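The values are calculated or read from the model by the stated rules, or taken from the named source; none is laboratory data. All values reported here derive from a predicted model rather than from experimental measurement. Heads up, the Cβs are rebuilt from the backbone with ideal geometry, glycines too, and the neighbour counts pull from every protein chain shown.
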Amino acid sequence: MKVSADHVDASALRILIADDSDSDRLILKTLLKRLGHEVRAASDGREAVTVFPDYQPDIVLLDVLMPVMDGIDAARRIKEMAGEELVPVIFLTSLTDADALAHCLDAGGDDFLTKPYNKVIIQAKLGAFNRMRQMHRTLSRQRDLIQDRNRQLLEEQQLAKRVFDNIAHTGCLDADNIRYHISPLSIFNGDILFACPRPAGGMHILVGDFTGHGLPAAIGALPIAEIFYGMTTMGFSGSDLLREINDKLVRILPTGMFCCAALIQADFHLNQLRIWNGGLPDGVLIRRDGTKEFLESKYLPLGVLSSGRFDASMEVFHTSAGDMLLMMTDGVLEAENQNSEQYGGARLKQALDNASASEQLIDAVLTDVVAFCGHRKGRDDLTLVSLKMVVDAEFRQPAEQLPQSVLKGPTDWHCVYEVRDETLGKFSPLPLLLHICMEVPGLRRKSADIYTLLSELYNNALEHGVLKLSSDLKTSSDGFSYYYSERERRLGNVDGHFIRFSLAHRKTDAGGQLRIICEDSGDGFDHTTELESQATEAHYSGRGLMLMQKLGNSLRYSEYGSCAEIVYDWELAEPVPE
Amino acid sequence: MPIRTHRSDDGQTLTIQIEGRFDFSTHQAFRNAYEHEDREVSNFVVDLSQTTYLDSSALGMLLLLRDFAGGDRARIQLKHCNNDVRRILTISNFEQLFSIQ
């Protein structure tokens, strides 16, 4: 469009007039020109409509009664052609009847001027309509700008979301025994849900809810994802992850922003769940027989307490294959219906009771929440995840599928690592030892085996050797929880004790041989009877000797069980690249 | 006004009362309620008797107040919460940081 508004004289307008009376037309044209405007005159409505597109006037003045096409018809067409642009149409009339004047405005006109013309009034009206026209144009421009910026922002967010998804969703959320639902309020949502297999088997799941949603929440989620996947893959425990994540969030988040979260450490081999809940609604553990246990939040959310005051103790639950764990964010309980009532815990319990097959647990709860809310859109993000405990073998180890690294690394080496005194109670050497072994080219694919061997040896040395706990305790559910509380207690008093790992690796024709020796300062145990009893009975856990025998090529105890030696022969999947 | 403040006669205690929903929309008003007071206030009372709802951003604002009032040395009481509000404070274990009555 022409930009008369940008003229030096802002009030100089480009005006189209149409009047079939030659004298009236001439009078008006002269008058407008004297006022400093540019004028194009037409003798009827048809001509006005024809010249309109090329002339692009700022304001149109139309006589109402004209031959060929009258002013009202012309006004309608001109308005159509102008589209979103505001081109004021003012009718010229000698009519004085109120109904007739009103009819002009009903037909799409913006105002009228009565003949004979009054110069002062014409000048004032043109000024008023010019202001309106400029305001309209400013608003349209601003609207277009906002639309443009919004579209740009959404595109950027979509791109950022792809990056975010690549970082955040690399884990094992699609495992057969996990079901989940995430509903985003915006492209990014304040809820996080990560799952990652542990090198020893089993997995970690982190479900959380940041204060607020959108970009700030997503930015906070990124370092959590990095720590969660990184440390889990390296073999760190749930408590280690929690401490690290909390510490990071305390440092990077402004006060007032935090993350309500629950961390689940599932071990399918030991059949146990370890759970930490800080600020999320009660988790529900549904046993195979239908009984339910509620796992309430016992801690402050992540990112609130400094590391000195943060408590990362995880509660231990003994489970069986077929047990289900359900965790959710507060969006579920706070979902509102038309009457602003919240869904709440009572309705959730009812929905869980009604859910017949445990497989459809999440669907049952979701259907119920949606039915309750009606068509009202959720105010908060809403995330649900369920985990089914399975038999160890059903959970596949993804490390075996890793591409074999072609990088060269150390193949012939020996190292001794000893943990002493109070460090025994505070620090697990497993991630470090696993890391050393994973430097061997080709051995990374066997990380699950190696981690299992290291952790079985370490746990035996610590729990049975140093802490003198009897595995018989773990044969009953009561004893099971006693065992773990006793373990915590005794860990406070380990002065004078040690656990020493000696690792040696050498290259063989087919792959390599790893030799692990684990010694401890305990009194030892009768490993001969232990092996026999495990072969005959289905133990809750025992000492995992059977498992180690299966994995390693040889398992040998000496010094009355306080020194264990495992030899692990492994083969490359493909021939060694020369 | 959804947020009212009241100073005790000795000026030591500032009471902040929140009416209706305590969520992000009250962010600025809540901050104004305590930031514009002079330094003599040693006790804070957040009166939640008229509060119908509290969300996680409100929890964040309470943490901001706690920081302002001296962090671990802060003396803040949360008073008269209804059951819904209490439930949210309990889930988040805020009783470890605030005195809740």
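When the range A:238-261 is filtered for residues that are facing another protein chain (nearest Cβ under 10 Å) and either within 13 Å of A:Pro301 (Cα to Cα) or of a type in the set (Asp, Glu) (or both), the ones remaining, listed by number, are A:Leu253, A:Thr255, A:Gly256, A:Met257, A:Phe258, A:Cys259, A:Cys260. Hey, does the range A:142-158 have a residue that's out of contact with any strand residue (DSSP E or B) (no Cβ under 6 Å at 6 or more places or on another chain) and surrounded by 18 or more Cβ atoms within 10 Å (Cβ to Cβ)? No, the range A:142-158 contains no residue that is out of contact with any strand residue (DSSP E or B) (no Cβ under 6 Å at 6 or more places or on another chain) and surrounded by 18 or more Cβ atoms within 10 Å (Cβ to Cβ).
In the condition set (1) more than 9 Å from every other protein chain (Cβ to nearest Cβ); (2) within 24 Å of A:Lys298 (Cβ to Cβ), B:Val45 is compliant with all but (2).
Of the strands (runs of 3 or more DSSP E) lying entirely inside chain B, those containing at least 1 residues that are among the aliphatic types (A, V, I, L, M) span B:3-7, B:13-18, B:43-47, B:51-54, B:76-79. For the range A:33-54, a residue qualifies if it is crowded, with 17+ Cβ neighbours inside 10 Å, in contact with a Leu (Cβ under 8 Å, 6 or more places away or on another chain) and in a helix (DSSP H, G or I), and the qualifying residues are A:Gly45, A:Ala48, A:Phe52.
Just one of (1) more than 30 Å from A:Thr452 (Cα to Cα); (2) touching an Asp or Glu at 6+ places or on another chain (Cβ under 7 Å) fails for A:Gly201. It is (1).
One line per residue, one yes/no per condition, for (1) β-branched (Val, Ile, Thr); (2) in contact (Cβ under 8 Å) with a residue 24 or more places away in the chain; (3) assigned to a strand (DSSP E or B):
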| position | (1), (2), (3) |
| --- | --- |
| A:Ile167 | yes, yes, no |
| A:Ile192 | yes, yes, yes |
| A:Pro199 | no, yes, no |
| A:Val207 | yes, yes, yes |
| A:Ala218 | no, yes, no |
| A:Tyr229 | no, yes, no |
| A:Glu244 | no, no, no |
| A:Pro254 | no, no, no |
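B:Leu97 falls short on exactly one of the conditions (1) away from every other protein chain (no Cβ under 13 Å); (2) at pLDDT 90 or above; (3) surrounded by 14 or more Cβ atoms within 10 Å (Cβ to Cβ), and that condition is (1). Scan the range A:240-258 and tell me whether some residue there is buried (at least 20 other Cβ atoms within 10 Å of the Cβ), at pLDDT 90 or above and more than 27 Å from A:Leu454 (Cβ to Cβ). Yes, the conditions are met somewhere in the range A:240-258. The helices (runs of 4 or more DSSP H) found entirely in the range A:278-381 that carry 3 or more residues being within 14 Å of chain B (Cβ to nearest Cβ) are A:330-333, A:344-354.
Are any of the residues in the range B:52-69 crowded, with 16+ Cβ neighbours inside 10 Å and among the acidic types (Asp, Glu)? Yes: the range B:52-69 contains one or more residues that are crowded, with 16+ Cβ neighbours inside 10 Å and among the acidic types (Asp, Glu). Flag set for A:Ser481, criterion: polar (S, T, N, Q), surrounded by fewer than 20 Cβ atoms within 10 Å (Cβ to Cβ) and assigned to a helix (DSSP H, G or I). Looking across the range B:48-72, the residues that are over 18 Å from B:Asn93 (Cα atoms) and within 14 Å of chain A (Cβ to nearest Cβ) come down to B:Thr52, B:Phe68, B:Ala69, B:Gly70.
Residues in the range A:231-242 that are of a type in the set (Ser, Thr, Tyr) and part of a helix (DSSP H, G or I): A:Thr232, A:Thr233, A:Ser239. Going residue by residue through the range A:502-515, is there one that turns out to be part of a strand (DSSP E or B) and modelled with pLDDT under 85? Checked against the condition, which is being part of a strand (DSSP E or B) and modelled with pLDDT under 85, the range A:502-515 yields at least one hit. Among the residues making up the range A:92-106, a single one is surrounded by 12 or more Cβ atoms within 10 Å (Cβ to Cβ) and within 25 Å of A:Leu139 (Cβ to Cβ): A:Leu105.
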